Amino acid sequence: MLKKIFTIEIPNNRLFGLDLMRAMAILFVMFGHSIFFLPENIKSHLHAFVVDGVSLFFVLSGFLIGSILIRDFERGINLKVIFNFWIRRWFRTIPIYFLILSFLIILTGFEKPSFFYFNYFVFIENFFSPMPDFFSEAWSLSIEEWFYLITPIILLLLKTIFKEKPLKTLILLTALFFIAGTLYLRFYRYYKIDIPKGFPLWDSHFNRQIITRLDSLMFGVLAAVLKHYFPHLFQYKKKIQLLLGITLVIFLQYYIHTHHNFVIYTIYFTLNSLGIMLMLPFFSDYNPFTNKKNFFYKIITYTSLISYSLYLVNFTLISTIIIPYINTIYENTILNITVFWGLSSIISVILYKYFELPTTKLRDHLKKTK
């Protein structure tokens, strides 16, 4: 009975390399959240190993969405195509987000004013101001949703202005505009903001705001353009690209924990996204398994499939609501970590199988009936 409840059928069209990146991203996020339950003397040594999983999600998402934009918009950029793109993306991301958000609002007893929660439903809670404490992991969802909303509109405007330009040029212009514009905003904010510099400010005013992070996804879009239009350049010495990307990300990981200067407020985000982008050529077609029943293949793909649900439930629901409640009865570090990983996984599997998957199938069904 239990096996049937938690069994997830793995689709045949999965790309293992990208699933591996997605699985690593959520595991980095989970690891970063789980070490908060450890004693301070242990926690301080482990912080240096907390890789930025969210940036990995951002670049990977930009790569996948960039590929979809190319596929859809090569047939023409118009409002009908854009609306279809929005509906497909929102069907995939918003229903479960609204479900978790509504549950958290009810669970916490509507303790905030209505307009406070309204901001979360329209993804403006961290547009150009610090992310509130409530449902704090939603900051990255806001960035992704605004990316989905703005990118096609910019492409349509550019197509209207530059009618003869090919799609690859328009997408490149859009990506470069966002990368340059966001980098400028970070420089401007760093030199103009009148607040003592420190990690809390870096996190609230640079790391987790929409206007300062949209460029991360655009590096993924650039990779999609290279793969589609310049495949030889995209695949050129991909193992060396992978090595360079990993080296850059690890160096930046060390740098951010040992230095505190303008670099981590400004070009850190740019370089980190570039490092992840360099990994995509290798992972985009990486699959060492001919047998899809291989245990490692199944566990990585399984983790990738439930990664979105894992991201939504592991911190606010599990870490800041359920575990503190358990601690009022009995507090134990090992118990806390076990509950964190175990309960996050169980809830995520149930959410994916009985909510995410049905809404995705409904989206696909609606598309076929049009």
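Computed from the coordinates by the stated procedures, all read-outs in this text should not be read as laboratory data. Just so it is clear, the model here is predicted, and its values are computed rather than measured. So basically every Cβ, Gly included, is an ideal-geometry build from the backbone, and we count neighbours across all protein chains shown.
Descriptive notes on the structure:
- Seen from Phe28, the other residues with C-beta closer than 13 Å to its C-beta sum to a net charge of 0, counting Lys and Arg as +1 and Asp and Glu as -1.
- Listed residue pairs exceeding 18 Å between alpha carbons, taken from Lys239/Lys298; Lys80/Lys159; Lys80/Lys361: Lys239/Lys298; Lys80/Lys361
- Residue among Thr174, Thr93, Thr160 with the largest mean-square fluctuation in a Gaussian network model of the chain, springs linking Cα atoms under 10 Å: Thr160
- Sum of -39500 (n - 2.57) over DSSP H runs of 4+, divided by residues of the chain (222 nm, nearest 500): -23000 deg cm²/dmol
- Within a straight-line Cα-Cα reach of under 14 Å, Lys163 can be paired with the following aspartates and glutamates, leaving aside sequence neighbours fewer than 8 residues apart in one chain: Glu74.
- For the pair Thr360 and Ile150, label points projected 7 Å from Cα toward Cβ lie 2.8 nm apart.
- Computed over the alpha-carbon pairs of the range 86-198, the distance histogram in 10 Å steps reads 11, 32, 30, 21, 5, 0 percent, short to long.
- Springs between Cα atoms under 10 Å define the GNM used for the chain, and in it the highest mean-square fluctuation of Phe206, Phe282, Phe110 occurs at Phe110.
- Note, ³J(HN,Hα) from phi for the range 284-298, Karplus 6.51, -1.76, 1.60, rounded to Hz, x at Gly and Pro: 5, 10, 7, 7, x, 10, 8, 9, 6, 8, 4, 4, 5, 4, 5
- Computed 3J(HN,Hα) for the range 268-280, one whole-Hz value per residue from the Karplus formula 6.51 cos²θ - 1.76 cosθ + 1.60 where θ = phi - 60°, is 4, 5, 5, 5, 5, 5, 4, x, 5, 4, 5, 7, 4, glycine and proline marked x.
- When the P(r) is computed for the range 244-307, the part past 13 Å accounts for 71% of the Cα-Cα pairs.
- When you filter the trypsin sites (Lys or Arg not before Pro) in the range 1-94 for DSSP loop state and at most 11 other Cβ atoms inside 10 Å of their Cβ, you are left with Arg75.
- Partners for Lys292 among aspartates and glutamates (Cα-Cα distance below 17 Å; same-chain residues under 8 apart left out): Glu9, Asp19
- Chymotrypsin sites (Phe, Trp or Tyr not before Pro) restricted to the range 222-272 and DSSP loop, no more than 13 other C-beta within 10 Å: Tyr236
- Stokes-Einstein, applied to the Kirkwood radius of the chain over Cα pairs at a viscosity of 0.692 mPa s and 37 °C, places its translational diffusion at 150 µm² s⁻¹.
- Per-residue Karplus couplings for the range 165-177, computed as 6.51 cos²θ - 1.76 cosθ + 1.60 with θ equal to phi - 60°, are listed in order as 6, x, 4, 4, 5, 5, 5, 4, 4, 4, 4, 5, 4 Hz, Gly and Pro entered as x.
- Trypsin sites (Lys or Arg not before Pro) restricted to the range 104-188 and DSSP loop, no more than 15 other C-beta within 10 Å: Lys163
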